[in-house]
Amino acid sequence: MTARNLTTRAGVINPHQLFDLSQEDIDSFSHLKSVLADGQLFRYVESDRESANTLVERHFAEHFRKERAVAVANGTVGLRLALRALGIGPGHRVAVNAYAFIACAMAISATGAEPVPVDMGGSVLSMDADALEKGVGHLDAVLLVHVQGHAVAAGPIRAVCDRLGIPMIEDVCQALGAGSSEAGAGGVGDVAVTSFQQAKQISSGEGGLVAGPEEVIERVYRLSDLGAVRQENGLPDWDHEDALIGDNLRMTELQAALVMDQAVRLENTLARQRDQRSRLRAGLSDIPVIESENPAEDTGSHTLVLARDTTAAEEFRVELARRGVLARPVWKKSWVEYGLYRREFASGAPAGPWPGKAVGLASRILSIPTSKYVTDSAVAQVAQAIAAGRHHLTQDR
């Protein structure tokens with residue numbers, strides 16, 4: 001990693017991307033070098049080299065403490081395939097955080113199922129377990145979303161799912177490496193899904209992964225591999241009785257190699273990010289921030305703050321930008337507010353309680369990234385910029 005001034009690239013001292021290949025020592029990327037050396041870019045490698053996809057799948061099955069994992073084209077695809085592999089389809093209802101990226105709801109809709117928004121709980125980062133169990137009607141599955149390096153304590157949601165007899169999926173796309181006091185993000189649900197998109201903790205531009213029980217992941221594998229049953233020689237068999245209608249949603253060897261080279265460095269990356277965020281927190285003193293249930297196990301990639309109102313949020317963002325510091329809403333609005341879903345819902349609103357807390361707070365929650373590339377002096381500048389704009393912030397929810 002070089003000590004280049006990042007303002008030359010992004011115009012800010014704390015760019016949002018957590019991995020920048022131009023900042024890395026490429027010679028140390030052994031998996032990438034191996035792929036480039038033999039030229040085998042398809043996941044079914046025709047050489048003696050073990051597939052980088054296989055290495056990634058083995059690594060993250062262990063990381064998430066699941067029986068198996070499969071690499072796929074991206075995180076959104078991973079969510080959709082996980083839902084389909086669990087039997088979710090038309091006529092089903094799947095609960096998902098109202099405060100989440102619209103792609104989470106889209107993955108549910110893409111299966112033909114109905115996304116059911118669940119409001120924030122006691123923490124703005126959590127899902128209301130009581131509302132999940134008693135307030136949203138019949139459910140067939142739950143999709144719990146972790147937000148920007150902050151892990152949700154998933155135990156209460158898991159308990160509700162167990163009582164209802166339905167599966168739980170954890171969306172770990174933004175929180176790979178984070179942990180609650182219960183487990184690492186992705187370690188509580190039946191299935192964990194993560195992303196390797198450009199702005200994620202580990203990045204190959206695009207890419208994703210699904211981890212879970214053997215039977216579920218085998219189905220995800222086939223759904224992402226044109227429905228084929230793979231023979232021992234690696235060739236596809238569509239005559240097999242277990243073959244199904246699938247799609248081509250595989251990850252390339254080039255992407256997998258980049259992922260693997262970062263995966264073996266993840267703990268060092270997290271340690272650096274956590275150290276830098278601790279420095280930032282020290283510089284913020286008593287300035288209010290949004291905390292996870294277990295801050296010490298956050299990835300350290302982002303600090304979240306709450307503005308007094310939407311106008312104050314924009315003024316805070318602009319004020320920090322003038323100082324070369326990036327701050328922006330995690331999501332500009334709850335996914336239920338977008339015209340797309342207003343049109344999807346027959347009445348213009350979802351069935352069940354309106355997620356008023358998520359709708360009211362979404363545009364006020366701002367994220368300030370601090371990647372491993374941010375220097376100590378830059379962290380001090382970020383703290384100074386936040387302090388200068390603190391009059392826009394609040395603890396009131």
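Only residues that are part of a loop (DSSP other than H, G, I, E, B), in contact (Cβ under 8 Å) with a residue 60 or more places away in the chain, surrounded by 15 or more Cβ atoms within 10 Å (Cβ to Cβ) and not aromatic (Phe, Trp, Tyr): list them for the stretch 8-40, please.
Answer for the stretch 8-40, where residues must be part of a loop (DSSP other than H, G, I, E, B), in contact (Cβ under 8 Å) with a residue 60 or more places away in the chain, surrounded by 15 or more Cβ atoms within 10 Å (Cβ to Cβ) and not aromatic (Phe, Trp, Tyr): Val12, Ile13, Asn14, Pro15, His16, Gln17, Leu18, Asp20, Gln40.
Return the residues of the stretch 206-263 that are in a helix (DSSP H, G or I) and closer than 23 Å to Asp190 by Cα; say none if nothing qualifies.
Glu214, Glu215, Val216, Ile217, Glu218, Arg219, Val220, Tyr221, Arg222, Leu223, Ser224, Ala263
Just give me the residues in the stretch 41-62 being of a type in the set (Asp, Glu) and open to solvent by less than 40 Å² (accessible area, probe 1.4 Å), in sequence order.
Listed by number, the list holds a single entry, Glu57.
Could you check the stretch 362-397 and list, in sequence order, the residues that are surrounded by fewer than 18 Cβ atoms within 10 Å (Cβ to Cβ), closer than 18 Å to Asp275 by Cα and aliphatic (A, V, I, L, M)?
Selection gives Ala380 alone.
Has the stretch 305-312 got any residue that is assigned by the TED database to the domain that holds Ala385, within 20 Å of Val382 (Cα to Cα) and among the acidic types (Asp, Glu)?
No, the stretch 305-312 contains no residue that is assigned by the TED database to the domain that holds Ala385, within 20 Å of Val382 (Cα to Cα) and among the acidic types (Asp, Glu).
Does Ala105 count as modelled with pLDDT under 95 and among the aliphatic types (A, V, I, L, M)?
no
Being more than 9 Å from Ile102 (Cα to Cα) and in a helix (DSSP H, G or I) is the filter here; which residues of the stretch 327-340 pass it?
Result: Glu337, Gly339, Leu340.
For the stretch 198-229, give me the residue count where each residue is open to solvent by 20 Å² or more (accessible area, probe 1.4 Å) and free of Cβ contacts under 8 Å to residues at least 24 places away in the same chain.
Counting residues in the stretch 198-229 that are open to solvent by 20 Å² or more (accessible area, probe 1.4 Å) and free of Cβ contacts under 8 Å to residues at least 24 places away in the same chain gives 2.
Does Arg65 satisfy the criteria of being open to solvent by 10 Å² or more (accessible area, probe 1.4 Å), assigned by the TED database to the domain that holds Val216 and closer than 23 Å to Thr269 by Cβ?
Numbers: open to solvent by 10 Å² or more (accessible area, probe 1.4 Å): yes; assigned by the TED database to the domain that holds Val216: yes; closer than 23 Å to Thr269 by Cβ: yes.
Answer is yes for this residue.
Could you look through the stretch 359-397, keep only residues that are among the basic types (Lys, Arg) and not in a helix (DSSP H, G or I), and pick out the one that is farthest from the chain's Cα centre (by Cα)?
Taking the stretch 359-397 first, the residues among the basic types (Lys, Arg) are 364, 372, 390, 397.
When the remaining residues are screened for being not in a helix (DSSP H, G or I), the result is 372, 397.
Working: Lys372: 18, Arg397: 24 Å.
Across the stretch 359-397, the extreme among qualifying residues is Arg397.
Please pick out the residue among Val147, Val118, Val142, Val136 that is touching a Gly at 6+ places or on another chain (Cβ under 9 Å), of a type in the set (Val, Ile, Thr), closer than 18 Å to Ala362 by Cα and assigned by the TED database to the domain that holds Leu81.
Working: Val147 fails: touching a Gly at 6+ places or on another chain (Cβ under 9 Å); Val142 fails: closer than 18 Å to Ala362 by Cα; Val136 fails: closer than 18 Å to Ala362 by Cα.
Just one listed residue meets the conditions, Val118.
Among the residues of the stretch 68-87, write down those that are over 14 Å from Glu215 (Cβ atoms) and either open to solvent by 20 Å² or more (accessible area, probe 1.4 Å) or not assigned by the TED database to the domain that holds Ile102 (or both).
Listed by number, the residues that qualify are Ala73, Asn74, Thr76, Arg80.
All but one of (1) farther than 23 Å from Ala175 by Cα; (2) in contact with a Ser or Thr (Cβ under 6 Å, 6 or more places away or on another chain); (3) open to solvent by less than 20 Å² (accessible area, probe 1.4 Å) hold for Ala312, so report the exception by its number.
(2)
Look through the stretch 318-358, keep the residues that are within 14 Å of Met120 (Cα to Cα) and open to solvent by 30 Å² or more (accessible area, probe 1.4 Å), and return whichever of them is nearest to the chain's Cα centre (by Cα).
Lys333
The values are calculated or read from the model by the stated rules, or taken from the named source; none is laboratory data. Source: prediction; values computed, not measured. Heads up, the Cβs are rebuilt from the backbone with ideal geometry, glycines too, and the neighbour counts pull from every protein chain shown. To get the accessible areas, we keep the full protein, side chains included, count just its heavy atoms, and leave off ligands, DNA and RNA. Shrake-Rupley method; radii C 1.70, N 1.55, O 1.52, S 1.80 Å.
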